[in-house]
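Take a look at the structure below.
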Amino acid sequence: MISDTTKEDLLSKIAALEPISRVLEPEESQRNEWIHHISQNTNSFIDSLKEGKAFHMFQSMNGLLNINPDQNDGQALELILEELGRDMLNKGLNPASGGHLGYIPGGGIYAGVLGDYLAALYNQYAGIYYGGPGAVKIENELLRWLCRIIGFPNGSLGNLTSGGSMANLIAIVTARESRQIRPEEIPSLCIYLTEQVHHCVHKAIRISGLGFAHVRTIPVNHEFKMKTNDLRQQITSDQNKGLIPFMVVGTAGTTDTGAIDPLEELAEICEENKIWFHIDAAYGGFFILSKLKNPDGKALKSAFNGMERADSLAIDPHKGLFLSYGLGAVLIKDMTSLYKAHYYKAAYMQDTLTSQDELSPADLSPELTKHFRGLRLWLPLRLYGLNPFIACLDEKVLLCRYFYAEIAKLGFQTGPYPETSVCIYRFLPENEDANLYNQKILDYVVNDGRVFISSTTIQGVFWLRLAVLSFRTHLSTIEKCLEVLKLALISLK
Ligand SMILES: *Cc1c(COP(=O)(O)O)cnc(C)c1O
């Protein structure tokens, strides 16, 4: 029992705190005012992208953007936005710029941003079906749609992740689970990949406890694709040694060159040898939607044949569907293994797997409470349908092909013909070290900042890269990039 004085005391303390804590629920007029500022600010940000830089050189972030919330009674939103514009947006890479032609560009389409806004505001619980049936349905619908695009059969599902790295990790953990591997077996396992695999696959192998397995780096051909004969030989040789061929990782759109491994043959080999076939399609997967033809007359998308035969696949809507950072997906056929690797309730739930209306994301990933990240994809798909996305993807491929042709005319050596929207190129100077020379070209372009490109080193050779995937990259951007590269050559003469 609470004594009266204690009760009074308690009530007066509560009464004192309530008006302060209620600040966290602003009045409608305040909300409208903030939205107005945010809307003005973001409109001028979007406007600035047309002429603004894709990269800003910076010295240091010391003393900037500090918070000190304990010594701060609150500031006006305008001032805070001003500070963000000055100290955050004007430093380093501007990934929202169409001039971002390095690494793998991200997106940030407005409709997706609104999806995020709604997701955060409604704050639906997208982890568990019981609590958030609508949110979970939306995420699972998206996953089923992705499975249909790839050609995975009904009953396949997966998880919407924060990105490709998490998607690859979940796939590899599921592969491990499917074999119910005991620790002492790990040193007998063999994993096959190429030097072109994304580094997050190596990271995932380590995190998933498979670091002591044999990781076989299979040679690549002149197009930087896995040589399937070498893969066959390596598998046979491993089998002869009593080792266990466990997983092949193919890439559908490598980060370096956009190459697609020979998926059909890899699928064949995996089926023959009962090997888990994982495809990392984080960057390239959505080009399966392409309506383009290659110069040889074959459909671009035919390079993805065999993708439907994979056991698991990673694909990034925050790359190929132009959404803001923070949305990847892993697709899995063997849902029992995915579930067994990640469920957290009692084991008896396993049998009810198929009788449930919808599986819960929390049972299919390491996350429990999570951002309702599906809405940022669901909303744009409902607003637009798929057509503008396909057009945007095809435009990027054609821009890359255009660049590839034009850069050769400027005297650059080009790498393989771009299979998707990435290509590599380098200048061969007469009396200078080519690697150093191309580093200087890169420095010039980054320093200029109007466009941003990046580089890579493949088998000791330094290459410049062009990666076209920002929805804001159009022909004028590519012309600008060619112009800056021309100026770089002139400056180095
Ligand atoms: C980007 C990328 C990844 C990593 O995905 P994140 O979303 O950055 O975590 C993995 N594989 C490939 C081929 C990629 O292009």
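What follows is calculated from the coordinates using simple rules that are stated; it is not laboratory data. Just so it is clear, the structure is predicted and the values come from calculations on it, not from any experiment. Don't worry about glycine lacking a Cβ; one is built from the backbone with ideal geometry, like all the others, and counts go over all protein chains shown.
So for each of 329-335, 200-206 I average, over its residues, the number of other beta carbons within 10 Å; can you give me the resulting order with the highest mean first? Walk me through the numbers before you get to the answer.
Working: 329-335: 25.0, 200-206: 19.3.
Peptide ranking by packing, descending: 329-335, 200-206.
Projecting the Cα atoms of G98, N305, L364 onto the charge dipole of the chain (Cβ charges, centred on the Cα centre) puts N305 farthest toward the positive pole.
For the range 177-202, backbone nitrogen atoms closer than 19 Å to the point 7 Å from T457 Cα along Cα-to-C-beta are found at 195-200.
Between beta-carbons, use under 9 Å as the cut-off and find the net charge around G99, counting Lys and Arg +1, Asp and Glu -1.
Numbers: positive: K53, R450, R472, K480; negative: none.
For residues surrounding G99, the net value is +4.
With a cut-off of 16 Å on the backbone N, the residues of the range 77-108 near the modelled label site 7 Å out from H56 along Cα-Cβ are 79-100.
Please work out the C-alpha center-to-center distance from the range 111-152 to the range 161-225 and express it in whole Å. Computed from Cα coordinates, the inter-centre distance equals 28 Å.
Rounded to 0.05, the FRET efficiency of the D9 and Q180 pair, given R0 = 41 Å and the Cβ-Cβ distance, is 0.10. Structural descriptor for the chain: relative contact order 21 percent, calculated from alpha carbon pairs under 8 angstrom and at least 6 residues apart. Here the contact order of the range 278-412, divided by its residue count and restricted to Cα pairs under 8 Å and six or more residues apart, works out to 22 percent.
Rounded to the nearest 20 Debye, what is the dipole magnitude of the chain about its Cα centre when Lys and Arg each give +1 and Asp and Glu each give -1 at the C-beta? Present the calculation step by step, with values, prior to reporting the outcome.
Numbers: 46 positive and 55 negative charges, 244 e Å.
In debye, rounded to 20, the chain gives about 1180.
Output the peptides 365-376, 174-185 sorted from most to least packed, where packing is the average of other Cβ atoms within 10 Å over each peptide's residues. Walk me through the numbers before you get to the answer.
Numbers: 365-376: 20.3, 174-185: 16.2.
Ranked from most to least packed, the peptides come out as 365-376, 174-185.
Protection proxy ranking for 415-424, 288-297, using the average of other Cβ atoms within 10 Å per residue and placing the highest first: 415-424, 288-297.
With Cα atoms defining each centre, the range 401-465 and the range 14-56 are spaced 41 Å apart in the structure.
Can you sort E264, E430, E51 so the residue with the fewest Cβ neighbours within 10 Å comes first? Please list the in-between numbers first.
Numbers: E264 17, E430 5, E51 8.
Lowest to highest Cβ neighbour count: E430, E51, E264.
The value of relative contact order for the range 82-141, using C-alpha pairs under 8 Å at least six residues apart, is 15 percent.
Using the Cβ-Cβ distance between L368 and L398 with R0 = 30 Å, the FRET efficiency computed as 1/(1 + (r/R0)^6) comes to roughly 0.10.
With +1 assigned to the C-beta of every Lys and Arg and -1 to the C-beta of every Asp and Glu, and no other charges, what is the dipole magnitude of the range 379-425 about the Cα centre in debye, to the nearest 20? Walk me through the numbers on the way to the answer.
Working: 4 positive and 4 negative charges, 15 e Å.
With Lys and Arg at +1 and Asp and Glu at -1, about 80 debye.
Here's the picture: charge each Lys and Arg Cβ at +1 and each Asp and Glu Cβ at -1 in the range 28-120, and of N68, W34, G112 the one pushed furthest to the positive end of that dipole is G112.
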